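The values are calculated or read from the model by the stated rules, or taken from the named source; none is laboratory data. Everything quoted here is computed from the prediction, not taken from an experiment. Cβ: placed from backbone, ideal geometry, glycine included. Neighbour counts: every protein chain shown. Remember, those area values only see protein heavy atoms, side chains included, never the ligands or the DNA or RNA. Shrake-Rupley method; radii C 1.70, N 1.55, O 1.52, S 1.80 Å.
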Amino acid sequence: MPSSADPRRIARWVDQRAQRLRRDAAAQSTVAEAHDVQAGELRVQANARLLDAQVQQELGLDRQRLFDRLRAVAIARAHVLECDLRARDLLAQAEQARQQEQELRRSAAQQQSRAHRLDAAGARLERHRRQAQQRRDERQIQEEYACR
């Protein structure tokens, strides 16, 4: 009867942990991709807003309209800077998520290797147990024939 310290049972637990780590790594990859997409969208949006707010040569602008136009350009530039900062933050988060993904995949590979080693050790122990049982059975049969 296998005990709770059975290497094969432990190997199964370790294998399940490796699978869970691989799932977590895939989730980190998805997060990184989402951050990349969001950063790209922010940059496109900021550039479009900056292009819309460009000061073109307009004739007949009075002083108030000129200041309003310049204020709109300044606000657009501030928005572009804010979007660029947010995009950089998102890219940094994406890079961090990729690093975590690599770390999780590396850990999953280690756990998988450990599970294989434990499973092999469990198979060896089981083989030795069966061989010992077989030798005992053969010895018992020989002793029974010797007693007759």
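Quick one: dipole size for the chain, taken about the Cα centre, charges +1 on Lys/Arg Cβ and -1 on Asp/Glu Cβ, in debye to the nearest 20.
In total the dipole reaches around 860 debye.
Could you work out the relative contact order of the stretch 40-148? I mean the mean sequence separation of Cα pairs under 8 Å and 6+ apart, divided by the number of residues, in percent.
29
For the chain, give the percent of accessible area contributed by carbon and sulfur heavy atoms, probe 1.4 Å, rounded to a whole number.
For the chain, the apolar C and S fraction of the accessible surface comes to 50 percent.
Calculated FRET efficiency, residue 82 and residue 106, Cβ-Cβ r, R0 35 Å, to nearest 0.05?
Computed FRET efficiency for residue 82 and residue 106 comes out at 0.45.
Would you mind working out the accessible area per residue for the chain, using a 1.4 Å probe, and quoting it in Å²?
77
Using the Cα gyration tensor of the stretch 80-148, with a ≥ b ≥ c the square roots of its eigenvalues, what is the shape: rounded (a/c below 1.5), prolate (a/b larger than b/c) or oblate (neither)?
prolate
Given R₀ = 35 Å, FRET efficiency for residue 6-residue 145 by Cβ-Cβ distance, to 0.05?
For R0 = 35 Å, the calculated efficiency reads 0.50.
Could you tell me the accessible area of residue 141 in Å² (1.4 Å probe, neighbours in place), rounded to the nearest ten?
90
Report the gain in length on full extension from residue 19 to residue 134: 0.36 nm times residue separation, minus Cα-Cα distance, nm rounded to one decimal.
Difference between extended and current length: 37.7 nm.
Would you mind giving the average projected area, over all directions, of the Cα convex hull of the stretch 4-114 in nm² with one decimal?
Computing the convex hull of the Cα atoms and averaging its projections yields 8.4 nm².
In nm, to one decimal, how far is the modelled label at residue 116 from the one at residue 74, with both set 7 Å along Cα→Cβ?
Simple spin-label model gives 6.5 nm for this pair.
Where does helix 7-52 land angle-wise versus the long Cα axis of the chain, in degrees 0 to 90, nearest 10?
10
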